[in-house]
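First the structure, in the form of structure tokens, and then the observations on it.
The values are calculated or read from the model by the stated rules, or taken from the named source; none is laboratory data. Predicted model only: the values in this text are computed from it and were never measured. So basically every Cβ, Gly included, is an ideal-geometry build from the backbone, and we count neighbours across all protein chains shown. Please note that ligands, DNA and RNA were not included when accessible areas were found on the heavy atoms of the full protein model with its side chains. Shrake-Rupley method; radii C 1.70, N 1.55, O 1.52, S 1.80 Å.
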Amino acid sequence: MMGIKWLLGGHRVYVVSTCHESLAACIMMYHLLLQTVNTQQSAGVSHGEPHLLQYDLYYDDEAEKAVNDLSQAARGGSLYVIADEVKAYYFRTVCDMLQTQVPHLHLWAASCFHGTAPARWQVEYLTRPLRSPPTVVREVAQNFIISRVPNVLPYSERGVADHTDGPPVTRLYHGEGHSGVSPVDCVTFGRDVASFLHSLRVGVTD
């Protein structure tokens, strides 16, 4: 993972959430990096520090704040940034402005939407469903954003044999008795998801 490589090189790594929808993924990434730092610290290895920053880049004033914060955070003209689940409108603007203000900008971003990257930046499209069994691939492919909207690339061929079709799909719904406008904001729904994952013994190693 690029963030770990940067940390082990002694750099500060800024995990940037670009919108509300990306916050969960970025928090998870931040804690993974923090775990790496704590492990290396226990082993007496020098390292950098991870930092989590949250913005809503659907708004131009938030984009301006992000550019100011990150350009000031650059050390010796170098800046190391990771942005996951990028979706926001002003992300490209932030990237372009940082490139003009930070001489040595290192920025890695991921998104399920193509067309998000600034012009002339290196882009790789990862469409092979290496981890997901056929049942999951078929379910995801039915999603409206993938099947009808042209800004998500369809799955390519898996390229390896499937030993099983996978488990049956289980749907969890955000509805009556739940709070928040969407599942992302609902504590009850989050507990439902956690309970289901525990029932699958996710994270159990024995």
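Could you say whether any residue in segment 19-41 is touching a Pro at 6+ places or on another chain (Cβ under 9 Å), open to solvent by less than 30 Å² (accessible area, probe 1.4 Å), part of a helix (DSSP H, G or I) and modelled with pLDDT of 90 or more?
Yes, segment 19-41 has at least one match.
So Y55 passes all but one of these: (1) modelled with pLDDT under 95; (2) in contact with a Lys or Arg (Cβ under 7 Å, 6 or more places away or on another chain). Which condition number does it fail?
The one condition Y55 does not meet is (1).
When segment 80-94 is examined, which residues are found to be β-branched (V, I, T) and within 18 Å of A25 (Cα to Cα)?
Listed by number, the residues that qualify are V81, I82, V86.
Return the residues of segment 42-55 that are in contact (Cβ under 8 Å) with a residue 40 or more places away in the chain and open to solvent by less than 30 Å² (accessible area, probe 1.4 Å); say none if nothing qualifies.
Selection gives G48, P50.
So which residues in segment 63-97 are assigned to a helix (DSSP H, G or I), touching a Leu at 6+ places or on another chain (Cβ under 9 Å) and either closer than 19 Å to P50 by Cα or open to solvent by 60 Å² or more (accessible area, probe 1.4 Å) (or both)?
Hits for segment 63-97 are A66, V67, D69, L70, S71, A73.
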